[in-house]
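Undergrad: I'd like to ask you about the structure that follows.
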Amino acid sequence: MNKCGAYNRVFQHFDEDKDGKISALELCHCIGSIGGELLIEEAETVIESLDSDGDGLLGLEDFFGLMESGSEEDKIKDLREAFDQVYDTDGAECITPKSLKCTLSRLGESRTLEECVLMINQFDLDGNGVLTFEEFKVMMIQ
């Protein structure tokens with residue numbers, strides 16, 4: 001899973017009505033689902049600043065821009081939140097094949113446990129079969 005692939009999966013999850021665009025309301029819902037809070041006015045401002053075609057919605061490329069915006073410190077903070085709230089579902093301080101399978105399932109992508117093991121092995125720098133936050137960060141920032 002590379003950065004673009006991961007962003008695409010998140011985009012697909014945020015796009016609740018599957019129209020290929022993210023509305024302000026969809027953005028608010030999804031930020032809320034991972035424990036954050038975003039007012040509709042704030043979401044509209046974010047979308048307005050990134051909307052490349054003027055339709056008031058975020059397309060996939062606009063979403064990539066959103067994910068790439070901010071300081072390095074903000075990106076790491078956001079990655080930590082995603083790691084803790086989305087991927088580390090069993091509180092083990094790491095992403096296990098089981099927790100990855102559960103997360104992907106919630107995002108609408110069915111994978112076998114064996115496929116999740118292979119995905120983790122691609123970025124498992126110390127060979128222990130799980131992804132720590134540092135390994136997750138390397139995967140997402142590459």
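Undergrad: Touching a strand residue (DSSP E or B) at 6+ places or on another chain (Cβ under 8 Å), surrounded by 16 or more Cβ atoms within 10 Å (Cβ to Cβ), modelled with pLDDT of 90 or more and within 16 Å of M140 (Cα to Cα), is that true of I22?
TA: No: the conditions fail for I22.
Undergrad: Would you be able to tell me the number of residues in region 53-88 that are over 12 Å from the mean Cα position of the chain (by Cα), in a helix (DSSP H, G or I) and within 17 Å of C30 (Cβ to Cβ)?
TA: Here the count works out to 3.
Undergrad: Within region 101-123, which residues are closer than 12 Å to F136 by Cα and of a type in the set (A, V, I, L, M, F, W, C)?
TA: Correct list: M119, I120, F123.
Undergrad: What are the residues in region 108-126 that are loosely packed, with under 13 Cβ neighbours inside 10 Å, of a type outside the set (D, E, K, R) and part of a loop (DSSP other than H, G, I, E, B), if any?
TA: G108, S110, T112, Q122, L125
Undergrad: Report, ordered by the first and then the second residue, all pairs with beta carbons closer than 7 Å, sequence separation of six or more or different chains, a first member in region 121-142 that is under 15 Å from L100 (Cα atoms), and a second member that is of a type in the set (S, T, N, Q) and crowded, with 18+ Cβ neighbours inside 10 Å.
TA: Close Cβ pairs (under 7 Å, with a partner that is of a type in the set (S, T, N, Q) and crowded, with 18+ Cβ neighbours inside 10 Å) amount to V130/T96.
Undergrad: Which condition from (1) at pLDDT below 90; (2) outside the structural domain of Q12 (by TED's automatic domain parsing); (3) in contact with a helix residue (DSSP H, G or I) (Cβ under 9 Å, 6 or more places away or on another chain) is the one that A43 breaks?
TA: (2)
Undergrad: Restricting to region 51-97, count the residues that are modelled with pLDDT of 85 or more, under 21 Å from D124 (Cβ atoms) and surrounded by 15 or more Cβ atoms within 10 Å (Cβ to Cβ).
TA: Count: 4.
The values are calculated or read from the model by the stated rules, or taken from the named source; none is laboratory data. Only a predicted model underlies this, so the values are computations on that prediction, with no experimental measurement involved. Note that each Cβ is placed from the backbone with ideal geometry, even for glycine, and that neighbours are counted across all protein chains shown.
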